[in-house]
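Notes follow once the structure below has been shown.
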Amino acid sequence: MLAELASKVRSGEIDPVDLVNESLKRIEASKELNAVVAIYAEEALAIAKSHSRTGAVAGLPLLVKDMARVKGHVTAAGSRLYADGPVDEVDDTVVERLRAEGAIVIGRTNSPEFGATAYTSNLLFGTTRNPWNTEKSPGGSSGGSAAALAAGLSPLATTSDGGGSVRGPASCSGLVGYKPSMGAIGRNVLPRWIEFSTQGASGSTVADVWYEAGVTLGAARGDFLSVPRTGVDLAPQTPKRVLAVRTFRTDVDPDIEANFEKTLDAIAASGTEVVRIDSPSNNDTFWGWFTISTAELVQSLRHEEHRWDQLNDYVQSQLTFGQRVTIDQYIAAQRLRHEVSARFDDLLVGDTVLVTPTCNARVWPAEGPLPTRAGNTDDIVGAMNTVDSNFTGHPAVSAPMGLDDNGVPCGFQIIAPRFRDGLALGLAAHLENIQPWPLVAPGFTPFALS
């Protein structure tokens, strides 16, 4: 869709003004989802009217997650602390690159406060609802963008991932969600979780995700983790071997596992080798990730300590934990990263990927909380299998694999060798061919001019 729409803008067949108006109309008609929390209609239409009609995403309306900076606007990060500013002085790298290629920012999508949980609800903007089932969450922290894409509200919406915030919402919303190798998308402003958080790409099809990533990948000034665009193999390629892991945690809900097994059977029947292995990760990985991320969250908000009582409960609880982290615990968690990363590297050799369910638990309520149980086990870290690849830096993609017992999508996570991101995208594209999924939630239509 992205390539076709942009091509029609460049050729003059479609007017960017019509695309912006179409997106604004769809957003207004789907206000009950609360996916979009700020609209820049006047500015977007002015840009559309004078658009040069050039660029890879020429004239395409762009929604920006309320954690990425947009020059001239406020990034509240879902927090009452920043509802009134300050106004951004720069674009985040992904916004800058998409705008340079012709995208038109039309507004903001909702996020949990500071992206700190996996459901999209905050005290500033309220709760975002899943277009597949409005009682359920579209996941988090990119839940606003995921809901917007799953409802066809815009062709482009930014997503980011520090612990699963691209892949969880993609899983819950029936999308493809791509978290690149750490460093593949350079950052001009460091996030609160310094070595975990990266921008990603989400969409209804692998082709759209690959197309968006082709615009946004590349090193950035000052980002000591970023790598040149040529250092990442993005071209989709079907892997020769798939290593299947039931879960990185303790257990998985039966409806999720049934979809996972069905998808593995489809892959094997298509001629790709599937090998079942023991998990290279466990709950220790989660606690290592949580130790580092909460300590860094505390440091990033230390100057606001006098206002912590205004924060959402889920942020306050993480700050309480993070304040107790010692320097020894922080460094021990960093050393654990090396051990876990080495285990993944040893498995992911050649044209091999590792797969799990993206989430172990079926989708949770829109207002939260996250489930504390998956399968037959009470496990406070059991909801998702996503933090592990943030911990190690490997690329990962979530692709749809069916519906859970609530009639809401669930995702199939594909982890590839470091900097061979195209292997994860390639298996997702293969799944799209052998096990197609709907482009949008029931009752909605893919983005196009009506």
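Just name the residue that is nearest to GLY102 (Cα to Cα) out of those in the stretch 13-53 that are hydroxyl-bearing (Ser, Thr, Tyr) and either touching a Lys or Arg at 6+ places or on another chain (Cβ under 9 Å) or part of a loop (DSSP other than H, G, I, E, B) (or both). Before the answer, list the steps.
The first filter runs over the stretch 13-53 and keeps only residues hydroxyl-bearing (Ser, Thr, Tyr), leaving 23, 30, 40, 50, 52.
Filter again for either touching a Lys or Arg at 6+ places or on another chain (Cβ under 9 Å) or part of a loop (DSSP other than H, G, I, E, B) (or both), leaving 30, 40, 50, 52.
Numbers: SER30: 26, TYR40: 16, SER50: 11, SER52: 8 Å.
Among residues in the stretch 13-53 that are hydroxyl-bearing (Ser, Thr, Tyr) and either touching a Lys or Arg at 6+ places or on another chain (Cβ under 9 Å) or part of a loop (DSSP other than H, G, I, E, B) (or both), the one nearest to GLY102 (Cα to Cα) is SER52.
Restricting to the stretch 54-74, name every residue that is assigned to a loop (DSSP other than H, G, I, E, B) and either in contact (Cβ under 8 Å) with a residue 60 or more places away in the chain or within 20 Å of GLU304 (Cα to Cα) (or both).
ALA56, VAL57, LEU60, ASP66, MET67, ALA68, ARG69
Somewhere in the stretch 100-109, is a residue crowded, with 23+ Cβ neighbours inside 10 Å, among the basic types (Lys, Arg) and in contact (Cβ under 8 Å) with a residue 40 or more places away in the chain?
yes
Considering only residues of the stretch 113-136 that are touching a strand residue (DSSP E or B) at 6+ places or on another chain (Cβ under 6 Å) and closer than 11 Å to GLY368 by Cα, which is surrounded by the most Cβ atoms within 10 Å (Cβ to Cβ)? Can you show your working first?
Taking the stretch 113-136 as the starting set, the residues that turn out to be touching a strand residue (DSSP E or B) at 6+ places or on another chain (Cβ under 6 Å) are 113, 121, 125, 127, 130, 136.
From the residues that got through so far, the ones that are closer than 11 Å to GLY368 by Cα too are 121, 127, 136.
Numbers: SER121: 26, THR127: 19, LYS136: 22.
The extreme case among them is SER121.
Which of the following residues is polar (S, T, N, Q) and free of Cβ contacts under 8 Å to residues at least 24 places away in the same chain: SER23, SER79, SER50, SER30?
The unique qualifying residue is SER50.
Look at the stretch 75-89 and say how many of its residues are over 16 Å from SER160 (Cβ atoms) and either in contact with a helix residue (DSSP H, G or I) (Cβ under 7 Å, 6 or more places away or on another chain) or in a loop (DSSP other than H, G, I, E, B) (or both).
7
If you check every pair at least six apart or on different chains, which have Cβ atoms under 6 Å apart with a residue in the stretch 248-267 that is within 10 Å of ALA374 (Cβ to Cβ) first and a residue that is crowded, with 21+ Cβ neighbours inside 10 Å and among the polar types (S, T, N, Q) second?
Matching pairs, first to second residue: ARG249/ASN360; VAL252/ASN360.
Output the residue which, of all residues in the stretch 426-439 that are under 18 Å from ALA146 (Cβ atoms) and among the aliphatic types (A, V, I, L, M), is farthest from the chain's Cα centre (by Cα).
Among residues in the stretch 426-439 that are under 18 Å from ALA146 (Cβ atoms) and among the aliphatic types (A, V, I, L, M), the one farthest from the chain's Cα centre (by Cα) is LEU439.
Restricting to the stretch 401-424, give me the number of residues that are assigned to a helix (DSSP H, G or I) and of a type outside the set (A, V, I, L, M).
Total satisfying the criteria: 2.
Can you name the condition, by its number, that VAL189 falls short on among (1) modelled with pLDDT under 95; (2) touching a Leu at 6+ places or on another chain (Cβ under 9 Å); (3) of a type in the set (A, V, I, L, M, F, W, C)?
Condition not satisfied by VAL189: (2).
Would you confirm whether or not the stretch 168-182 contains a residue that is surrounded by fewer than 24 Cβ atoms within 10 Å (Cβ to Cβ) and either among the polar types (S, T, N, Q) or over 23 Å from ALA44 (Cβ atoms) (or both)?
yes
Show the residue pairs that are 6+ apart or on different chains and have beta-carbon atoms under 9 Å apart, the first residue being within the stretch 134-147 and in a loop (DSSP other than H, G, I, E, B), the second being modelled with pLDDT under 95 and crowded, with 24+ Cβ neighbours inside 10 Å.
none
Would it be correct to say that VAL70 is on the phi < 0 side of the Ramachandran plot, at pLDDT 95 or above and crowded, with 20+ Cβ neighbours inside 10 Å?
Yes.
Criterion first (over 14 Å from PRO357 (Cβ atoms), modelled with pLDDT of 95 or more and touching a Pro at 6+ places or on another chain (Cβ under 9 Å)) does THR285 satisfy it?
no
Since ASN282 meets every condition but one in (1) surrounded by 15 or more Cβ atoms within 10 Å (Cβ to Cβ); (2) in contact (Cβ under 8 Å) with a residue 40 or more places away in the chain, which condition does it not meet?
ASN282 satisfies every listed condition except (2).
In this structure, is VAL340 surrounded by 15 or more Cβ atoms within 10 Å (Cβ to Cβ), within 20 Å of CYS172 (Cα to Cα) and at pLDDT 95 or above? Before you say what the answer is, go through the steps one by one.
Values: surrounded by 15 or more Cβ atoms within 10 Å (Cβ to Cβ): yes; within 20 Å of CYS172 (Cα to Cα): no; at pLDDT 95 or above: yes.
Judged against the criteria, VAL340 is not a match.
How many residues does the stretch 350-400 hold that are surrounded by fewer than 23 Cβ atoms within 10 Å (Cβ to Cβ), among the hydroxyl-bearing types (Ser, Thr, Tyr) and not in a strand (DSSP E or B)?
1
Name the strands (runs of 3 or more DSSP E) wholly inside the stretch 201-278 in which the number of residues that are of a type in the set (A, V, I, L, M, F, W, C) and surrounded by 18 or more Cβ atoms within 10 Å (Cβ to Cβ) is 2 or more.
In the stretch 201-278, the matching strands (runs of 3 or more DSSP E) lie at 241-244.
If the requirement is being modelled with pLDDT of 95 or more and of a type in the set (A, V, I, L, M), which of these qualifies: ALA448, ALA383? Even if it seems obvious, please write down each step before you answer.
Working: ALA383 fails: modelled with pLDDT of 95 or more.
Unique residue meeting the criteria: ALA448.
From the set of residues in the stretch 291-337 that are in contact (Cβ under 8 Å) with a residue 60 or more places away in the chain and within 22 Å of ASP379 (Cβ to Cβ), which is surrounded by the most Cβ atoms within 10 Å (Cβ to Cβ)?
Selected residue: SER293.
Within the group VAL105, VAL57, VAL87, VAL20, which residue is β-branched (Val, Ile, Thr), farther than 25 Å from PRO138 by Cα and in contact with a Leu (Cβ under 7 Å, 6 or more places away or on another chain)?
On the way: VAL105 fails: farther than 25 Å from PRO138 by Cα; VAL87 fails: in contact with a Leu (Cβ under 7 Å, 6 or more places away or on another chain); VAL20 fails: farther than 25 Å from PRO138 by Cα.
None of the other options fit; the residue is VAL57.
Please work out which one of (1) at pLDDT 95 or above; (2) on the phi < 0 side of the Ramachandran plot; (3) not hydrophobic (A, V, I, L, M, F, W, C) is the condition THR377 fails and give its number.
(1) is the only condition that THR377 fails.
The values are calculated or read from the model by the stated rules, or taken from the named source; none is laboratory data. Small disclaimer: the values here were computed from a predicted structure and weren't measured. No Cβ is skipped: glycine too gets one built from the backbone with ideal geometry, and neighbour counts run over all protein chains shown.
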